[in-house]
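Participant: Sharing a structure, written as C-alpha cells. Questions coming.
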Amino acid sequence: MSTDIALVVIDVQVGVVGEAHHRDEVLSNINLLLDRARSSGTPVIYVQHNEQEGYQLEPGTPLWQIHPAIAPHEGEPVVQKESPDSFHETCLQTELEARGIKRLVITGAQTQYCVDTTVRRAVAQGYNVLLASDAHTTDDSESLPAEKIIAFYNETLNGFWAGECRVRLQPASEIHFEAP
C-alpha cells in the first residue's frame, strides 16, 4: 500500500450521471479503481454536490444520492460541496491532510465543471493528480457532444502543472495503488 495517495470520486450521483456519456462503462471503470484502492488500503474519498431546495441535487432526494453502483463503504468520507471546486468551502483539504495524502487519483462527473475545476485546484494546492481518462463523464452540451468534451479535457489537462505538481492521464485499467 502507498500511504500518500487517495482515490477521489467526484459527483457520481444518480441525477448527475443518469444520461451521461458511456455511463455504464465509466461506472465499471470507477468500480475497478474502487476495488483496487480498497484492496490495497488506499483511502477513498467521495465528493457529493448539494443544491438548494427544489433543485435536482437537493440533499436527501433520490437524484442527490451517490449512484448505487459505486456507493461508499462504511467509514469512507463523503465531502459535501456547493460549487464545482471540491476544495471550496469543504473539508476535502482537511480529509487529505489528516491522511498525509500528496497524490490523488481522480474520477467523476461532470468533466467540464467539477472534474476540471477540482483537478486544477488540486494541482494548485500541491497535489500530483492522476486523472483516470476513462473514468469521468458528462452530458452533451448545446455546442459539443459529450465525447468531444471528454476528449478535449483529457488533452487539455494532461501535463497541466502548477509549480512542481502535475496532472497525468491514464486509463483505469493501468492505474494501481502500490507504493511508488
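The values are calculated or read from the model by the stated rules, or taken from the named source; none is laboratory data. Predicted, not measured: the structure shown is a model, and the values here were computed from it. Because the Cβ atoms are built from the backbone with ideal geometry, glycine has one as well, and the counts that use them run over all protein chains shown.
Participant: Tell me the residue from 146, 109, 151 that is small (Gly, Ala, Ser), more than 19 Å from residue 4 (Cβ to Cβ), out of contact with any strand residue (DSSP E or B) (no Cβ under 6 Å at 6 or more places or on another chain) and in contact (Cβ under 8 Å) with a residue 12 or more places away in the chain, please.
Facilitator: Exactly one residue qualifies, and that residue is 146.
Participant: Quick one: count up the residues across the stretch 170-180 that are modelled with pLDDT of 95 or more and crowded, with 18+ Cβ neighbours inside 10 Å.
Facilitator: 2
Participant: Tell me which residues, restricted to the stretch 114-136, are hydroxyl-bearing (Ser, Thr, Tyr) and within 12 Å of the chain's Cα centre (by Cα). If you could, list the steps in order and put the result at the bottom.
Facilitator: Initial filter on the stretch 114-136 (hydroxyl-bearing (Ser, Thr, Tyr)): 117-118, 127, 133.
Within the stretch 114-136, 117, 118, 133 qualify.
Participant: Taking residue 140 as the residue in question, decide whether it is touching a Pro at 6+ places or on another chain (Cβ under 6 Å) and in contact (Cβ under 8 Å) with a residue 60 or more places away in the chain. If you could, list the steps in order and put the result at the bottom.
Facilitator: On the way: touching a Pro at 6+ places or on another chain (Cβ under 6 Å): no; in contact (Cβ under 8 Å) with a residue 60 or more places away in the chain: yes.
Here the answer is no, as residue 140 does not meet what is asked.
Participant: Return the residues of the stretch 77-99 that are among the small types (Gly, Ala, Ser) and either closer than 18 Å to residue 166 by Cα or buried (at least 18 other Cβ atoms within 10 Å of the Cβ) (or both); say none if nothing qualifies.
Facilitator: Filtering the stretch 77-99 for residues among the small types (Gly, Ala, Ser) gives 83, 86, 98.
Within the stretch 77-99, just 86 meets the criteria.
Participant: Any residue in the stretch 37-60 that is closer than 17 Å to residue 72 by Cα sitting within a Cβ distance under 7 Å of a residue that is surrounded by fewer than 19 Cβ atoms within 10 Å (Cβ to Cβ) and among the aromatic types (Phe, Trp, Tyr)? List the pairs, counting only those 6 or more apart or interchain.
Facilitator: none
Participant: Applying the selection to the stretch 120-137, what residues are of a type outside the set (S, T, N, Q), closer than 25 Å to residue 22 by Cα and free of Cβ contacts under 8 Å to residues at least 40 places away in the same chain?
Facilitator: Narrowing the stretch 120-137 to residues of a type outside the set (S, T, N, Q): 120-124, 126-127, 129-132, 134-136.
With the extra rule that they be closer than 25 Å to residue 22 by Cα, the set shrinks to 120, 129-132, 134-136.
Correct list: 129, 131.
Participant: So, one more: One residue is enough: does the stretch 26-49 have a residue meeting the conditions part of a loop (DSSP other than H, G, I, E, B), of a type in the set (Val, Ile, Thr) and more than 25 Å from residue 134 (Cβ to Cβ)?
Facilitator: Just the residues of the stretch 26-49 that are part of a loop (DSSP other than H, G, I, E, B), to begin with: 41-43.
Remaining after also requiring of a type in the set (Val, Ile, Thr): 42.
If we keep only those that are more than 25 Å from residue 134 (Cβ to Cβ) too, we end up with none.
Within the stretch 26-49, not a single residue is part of a loop (DSSP other than H, G, I, E, B), of a type in the set (Val, Ile, Thr) and more than 25 Å from residue 134 (Cβ to Cβ).
Participant: Moving to a separate point now. Surrounded by 17 or more Cβ atoms within 10 Å (Cβ to Cβ) and within 19 Å of residue 30 (Cβ to Cβ), is that true of residue 108? Give the steps one after another, and end with the answer.
Facilitator: On the way: surrounded by 17 or more Cβ atoms within 10 Å (Cβ to Cβ): yes; within 19 Å of residue 30 (Cβ to Cβ): yes.
In short, yes.
Participant: Also: Does the stretch 18-65 hold any residues that are more than 14 Å from the chain's Cα centre (by Cα) and of a type in the set (Phe, Trp, Tyr), and which are they?
Facilitator: Matches in the stretch 18-65: 55, 64.
Participant: Can you give me the number of residues within the stretch 21-54 that are buried (at least 22 other Cβ atoms within 10 Å of the Cβ) and of a type in the set (Gly, Ala, Ser)?
Facilitator: 1
Participant: Quick check, is residue 27 touching a residue at least 40 places away in the same chain (Cβ under 8 Å) and closer than 27 Å to residue 140 by Cβ?
Facilitator: Details: touching a residue at least 40 places away in the same chain (Cβ under 8 Å): yes; closer than 27 Å to residue 140 by Cβ: yes.
Yes: the conditions hold for residue 27.
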